[in-house]
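K.L.:
Dropping a structure here in structure tokens format, bear with me for questions.
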Amino acid sequence: MRVAGTHRELGRRLVLAVPYVWLLVFFLAPLLIVGKISLSESRLGIPPYEPLIDWAQSGLAMVKVSLNNYVLLFEDDLYVQAYIQSLTIAGISTFLCLLIGYPMALGIARAPEKARGPLLLLVIVPFWTSFLIRVYSWMSILRDEGILNHALMAVGLIDEPLIILNTDWAVYVGIVYSYLPFMVLPLYASLEKLDPSLLEAAADLGARPVRAFIAVTLPLSLPGIVAGSMLVFVPAVGEYVIPSLLGGGDTQMLGKALWDVFAQTRDWPAASALAMAMLAALVLPIALFQRLQTRLEEEENR
Amino acid sequence: MHRSPALLAAMFVGFAFLYAPIALLMVYSFNASREVSVWGGFSTKWYGELLQNQAYLDAAWLSLKIAATSATGALVLGTLAALVLVRYGRFRGRMVFNGLITAPLVMPEIILGLAMLLLFVALEDLTGWPDGRGFTTIAIVHTTVGMAYATVVIRSRLAQMDESLEEAAMDLGARPVKVFFLITIPVIAPSLAAAWLLAFTLSLDDVVATQFVSGPGSTTLPIEVFSSVRLGVSPQVNALGTIIVVAVAVVIGLVWRLSAGKRR
């Protein structure tokens with residue numbers, strides 16, 4: 001029996017160790033390396049950065065730390081602009097997602113029970129189809145000679161084509177479109193749990209629908225609003241594909257700037273510093289999201 | 001309950017917004033004209049050209065192999081992680097583990113891609129492995145991302161599972177491993193299938209992280225598509241997009257029918 005017991009304990013540990021070690025090696029360690037390289041000087045060669053730890057002849061490790069990369073980031077207008085623009089574009093897009101997604105989630109939550117499944121499926125299907133293809137599909141719609149301009153001119157609403165592709169407008173459209181399902185799903189999850197009798201009580205007490213919405217529905221769906229907003233905002237800040245395909249020359253977003261520094265300038269320490277700066281802006285929303293998730297799961301497990 | 005016409009209209013507009021671009025892409029994939037936004041008659045010639053485009057075919061084959069590998073890895077790791085999170089109660093390091101498993105869900109891919117590349121370069125410097133970048137490095141990155149999603153899917157199913165079946169088997173003397181394969185797995189099988197499919201789809205579609213860790217000769221389908229559409233719209237990509245949308249719709253429809261049949 002003792003042997004079986006130790007076997008069991010070993011098995012338990014193994015089940016924990018395999019995914020844990022994987023995450024430490026292939027998720028945490030890489031992030032730490034980014035932090036490390038962001039503190040080293042760049043140089044020509046492969047790899048294009050100075051080692052952070054130099055083994056001196058005496059066997060003593062010399063730690064060389066340089067904040068140069070960060071100083072350069074803050075001194076370069078281009079990066080400061082990209083930083084501000086990324087946060088602004090992501091923030092506005094998140095708000096637009098909320099504006100479009102909330103009525104959708106509410107509509108699904110209040111639909112007859114039989115219709116909810118299929119409606120929810122309709123929200124999920126685009127998420128399963130290729131993200132790249134969905135972003136791309138806007139290129140032929142928004143072009144100067146595109147479908148939208150053709151349609152608007154045919155109707156006579158405009159005389160000259162609107163220039164939308166390769167501007168910030170197209171980036172907004174792309175982000176809102178791509179991330180809308182991420183907003184609707186958590187919103188629906190919190191709206192669906194809402195007890196209808198609360199709204200009936202509000203109506204019995206004489207509250208008009210709008211008032212009941214503001215006093216009851218909106219506050220109770222706050223966890224969904226926070227979760228959905230984080231799921232849109234955080235990836236949108238680092239978005240690369242959308243500004244590359246839909247944005248213009250003056251749309252500078254951090255994700256694109258990072259890739260350019262990495263691939264074209266080949267300044268890995270600067271790219272790492274950029275990644276750390278981006279992470280710094282996102283740590284708070286990510287932590288907030290995780291606390292919320294943990295709380296929800298604890299409630300579920302109870 | 002209160003359902004105003006305004007709410008229905010807003011919902012309808014939302015769905016139209018979600019589907020109009022996909023519908024237009026599909027319609028224009030049958031456009032005879034090379035000028036993508038002008039209708040020039042019905043034709044399937046872009047599909048023919050697509051199927052003869054060797055670069056796309058090679059890239060698609062590589063992508064499918066990587067997706068199958070990483071989805072399987074993500075499934076195994078995600079199942080283990082879900083077991084830990086649901087069944088282990090509180091243990092030291094749980095907070096860290098939970099943080100590590102959910103972080104890839106929201107971490108911008110551009111950061112993950114750079115970080116993984118730097119890891120592989122440092123590892124190669126130290127140990128000689130991985131030798132260059134290609135299939136292995138891409139599959140590892142996709143496994144990490146897929147694992148996070150797989151864990152979410154499997155964990156929620158595992159949390160709802162009735163544990164009395166497992167307990168009964170244990171009482172009858174079955175060993176934990178046997179209980180897991182004979183009872184737990186069949187019960188949570190639908191979530192395992194969903195997790196595998198999700199990880200497979202995510203891998204098949206990834207551009208940003210892949211761009212960092214792919215090497216010469218290991219161009220995946222999304223990378224190939226991305227580099228061609230950066231130069232402008234292409235009728236072949238319209239055809240490819242249509243094929244992907246139809247394939248996804250068919251698979252989801254089948255899964256839906258199957259699970260709906262079971263519920264009845």
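K.L.:
Being without any contact (Cβ under 8 Å) to a residue 40 or more places away in the chain and either surrounded by fewer than 19 Cβ atoms within 10 Å (Cβ to Cβ) or in a helix (DSSP H, G or I) (or both) narrows it down to one of B:Ala189, B:Ala199, so name that one. So that I can check it myself, show each step before the final result.
P.N.:
On the way: B:Ala199 fails: without any contact (Cβ under 8 Å) to a residue 40 or more places away in the chain.
The match here is B:Ala189.
K.L.:
If you don't mind, another one. Tally time: how many residues in the range A:239-259 are within 11 Å of another protein chain (Cβ to nearest Cβ), surrounded by fewer than 24 Cβ atoms within 10 Å (Cβ to Cβ) and closer than 23 Å to A:Asn68 by Cα?
P.N.:
Number of matching residues: 2.
K.L.:
Say whether the condition of being among the small types (Gly, Ala, Ser), more than 20 Å from A:Lys256 (Cα to Cα) and more than 11 Å from every other protein chain (Cβ to nearest Cβ) is met by at least one residue in the range A:150-159. Step through it out loud before you land on a result.
P.N.:
Step one: filter the range A:150-159 for residues among the small types (Gly, Ala, Ser), giving A:151, A:154, A:156.
Those still in the list that are more than 20 Å from A:Lys256 (Cα to Cα) too: A:151, A:154, A:156.
Next, only the ones that are more than 11 Å from every other protein chain (Cβ to nearest Cβ) stay: A:154, A:156.
So far as the range A:150-159 goes, yes, one or more of its residues are among the small types (Gly, Ala, Ser), more than 20 Å from A:Lys256 (Cα to Cα) and more than 11 Å from every other protein chain (Cβ to nearest Cβ).
K.L.:
Here is a follow-up. Got at least one residue in the range B:162-181 being closer than 30 Å to A:Ile286 by Cβ and either touching a residue at least 24 places away in the same chain (Cβ under 8 Å) or in a helix (DSSP H, G or I) (or both)? Give the derivation first.
P.N.:
Of the range B:162-181, the ones closer than 30 Å to A:Ile286 by Cβ are none.
Checked against the condition, which is being closer than 30 Å to A:Ile286 by Cβ and either touching a residue at least 24 places away in the same chain (Cβ under 8 Å) or in a helix (DSSP H, G or I) (or both), the range B:162-181 yields no hits at all.
K.L.:
Is the range B:98-109 home to any residue that is more than 8 Å from chain A (Cβ to nearest Cβ) and within 21 Å of A:Arg13 (Cβ to Cβ)?
P.N.:
no
K.L.:
Of the conditions (1) at pLDDT 90 or above; (2) crowded, with 21+ Cβ neighbours inside 10 Å; (3) within 30 Å of A:Glu113 (Cα to Cα), A:Phe289 fails just one. Which one is it?
P.N.:
(1)
K.L.:
Need at least 3 residues that are modelled with pLDDT of 80 or more and β-branched (Val, Ile, Thr) per element, so show me which helices (runs of 4 or more DSSP H) inside the range A:1-102 make the cut, counting only ones lying wholly within it. Working first, answer last.
P.N.:
Working: elements: A:2-23, A:29-37, A:68-75.
Counting at least 3 such residues, we get A:2-23, A:29-37.
K.L.:
Filter the range B:5-30 down to residues that are at the interface with another protein chain (Cβ under 7 Å from one of its Cβ atoms) and either more than 32 Å from the chain's Cα centre (by Cα) or touching a residue at least 60 places away in the same chain (Cβ under 8 Å) (or both), then give me how many there are.
P.N.:
4
K.L.:
Report the residue count in the range B:31-43 for those that are more than 9 Å from chain A (Cβ to nearest Cβ) and free of Cβ contacts under 8 Å to residues at least 24 places away in the same chain. Break it down stepwise before answering.
P.N.:
Quick first cut of the range B:31-43, residues more than 9 Å from chain A (Cβ to nearest Cβ) only: B:31-34, B:39-43.
Right, trim to free of Cβ contacts under 8 Å to residues at least 24 places away in the same chain and you get B:32-33, B:39-43.
Of the residues in the range B:31-43, 7 are more than 9 Å from chain A (Cβ to nearest Cβ) and free of Cβ contacts under 8 Å to residues at least 24 places away in the same chain.
K.L.:
Related question: Just checking, which of A:Thr217, A:Thr167 is surrounded by 15 or more Cβ atoms within 10 Å (Cβ to Cβ), of a type in the set (S, T, N, Q) and farther than 26 Å from A:Arg291 by Cα? I'd like the intermediate steps shown before the answer.
P.N.:
On the way: A:Thr217 fails: farther than 26 Å from A:Arg291 by Cα.
On inspection, the qualifying residue turns out to be A:Thr167.
K.L.:
Which condition breaks for A:Ala203 when tested against (1) crowded, with 19+ Cβ neighbours inside 10 Å; (2) among the hydrophobic types (A, V, I, L, M, F, W, C); (3) within 10 Å of chain B (Cβ to nearest Cβ)?
P.N.:
(1)
K.L.:
Could you please find all residues in the range A:135-163 being over 11 Å from B:Val233 (Cβ atoms), in a loop (DSSP other than H, G, I, E, B) and not hydrophobic (A, V, I, L, M, F, W, C)?
P.N.:
Filtering the range A:135-163 for residues over 11 Å from B:Val233 (Cβ atoms) gives A:135, A:144, A:148-163.
This time we only want the ones that are in a loop (DSSP other than H, G, I, E, B), so: A:144, A:156-163.
Across the range A:135-163, the qualifying residues are A:Asp144, A:Gly156, A:Asp159, A:Glu160, A:Pro161.
K.L.:
Please find, among A:Thr129, A:Thr94, the residue that is of a type in the set (S, T, N, Q), closer than 20 Å to A:Val232 by Cβ and within 12 Å of chain B (Cβ to nearest Cβ).
P.N.:
Working: A:Thr94 fails: within 12 Å of chain B (Cβ to nearest Cβ).
Unique residue meeting the criteria: A:Thr129.
K.L.:
Among the numbered criteria (1) surrounded by fewer than 13 Cβ atoms within 10 Å (Cβ to Cβ); (2) at pLDDT 90 or above, which one does B:Leu64 miss?
P.N.:
Here B:Leu64 clears every test but (1).
K.L.:
Counting just the residues of the range B:118-139 that are out of contact with any Ser or Thr (no Cβ under 8 Å at 6 or more places or on another chain) and at the interface with chain A (Cβ under 8 Å from one of its Cβ atoms), which one comes out surrounded by the fewest Cβ atoms within 10 Å (Cβ to Cβ)?
P.N.:
Residues of the range B:118-139 that are out of contact with any Ser or Thr (no Cβ under 8 Å at 6 or more places or on another chain), as a first pass: B:119, B:121-129, B:131-132, B:136.
Filter once more, so that each one left must be at the interface with chain A (Cβ under 8 Å from one of its Cβ atoms): B:119, B:121-122, B:125.
Values: B:Leu119: 24, B:Val121: 19, B:Ala122: 16, B:Asp125: 11.
The residue in question is B:Asp125.
K.L.:
Okay, next question. Pick from A:Arg266, A:Arg295, A:Arg291: which is more than 8 Å from chain B (Cβ to nearest Cβ) and on the phi > 0 side of the Ramachandran plot?
P.N.:
It is A:Arg266.
K.L.:
Out of A:Leu106, A:Leu121, A:Leu132, I need the residue that is surrounded by fewer than 21 Cβ atoms within 10 Å (Cβ to Cβ) and part of a helix (DSSP H, G or I). Which one? Spell out the reasoning first.
P.N.:
Details: A:Leu106 fails: surrounded by fewer than 21 Cβ atoms within 10 Å (Cβ to Cβ); A:Leu132 fails: surrounded by fewer than 21 Cβ atoms within 10 Å (Cβ to Cβ).
Step by step, each of A:Leu106, A:Leu121, A:Leu132 is checked, and only A:Leu121 is surrounded by fewer than 21 Cβ atoms within 10 Å (Cβ to Cβ) and part of a helix (DSSP H, G or I).
K.L.:
Do we find that B:Asp131 is among the acidic types (Asp, Glu), assigned to a helix (DSSP H, G or I) and either more than 23 Å from the chain's Cα centre (by Cα) or within 30 Å of B:Pro235 (Cα to Cα) (or both) in this structure? Give the steps one after another, and end with the answer.
P.N.:
Working: among the acidic types (Asp, Glu): yes; assigned to a helix (DSSP H, G or I): no; either more than 23 Å from the chain's Cα centre (by Cα) or within 30 Å of B:Pro235 (Cα to Cα) (or both): yes.
Criteria not met by B:Asp131.
K.L.:
Out of all the residues in the range B:226-234, is one or more more than 8 Å from chain A (Cβ to nearest Cβ), of a type outside the set (A, V, I, L, M, F, W, C) and farther than 23 Å from B:Tyr28 by Cβ? Walk me through how you get there before you give the answer.
P.N.:
In the first step, residues of the range B:226-234 are kept if they are more than 8 Å from chain A (Cβ to nearest Cβ); the result is B:227-228, B:231, B:234.
In the following step, the residues that additionally are of a type outside the set (A, V, I, L, M, F, W, C) were identified as B:227-228, B:234.
Then drop every residue that is not farther than 23 Å from B:Tyr28 by Cβ, which leaves none.
No - not one qualifying residue is present in the range B:226-234.
K.L.:
Here is a further query. Which of the residues belonging to the range B:16-52 are buried (at least 17 other Cβ atoms within 10 Å of the Cβ) and not hydroxyl-bearing (Ser, Thr, Tyr)?
P.N.:
B:Leu18, B:Pro21, B:Ile22, B:Leu24, B:Leu25, B:Met26, B:Phe30, B:Asn31, B:Val36, B:Trp46, B:Leu50
The values are calculated or read from the model by the stated rules, or taken from the named source; none is laboratory data. What you are looking at is a predicted structure, and each value in this text was computed from that prediction instead of being measured. When we count neighbours, we look across all protein chains shown, and the Cβ atoms used for this are built from the backbone with ideal geometry, even at glycine.
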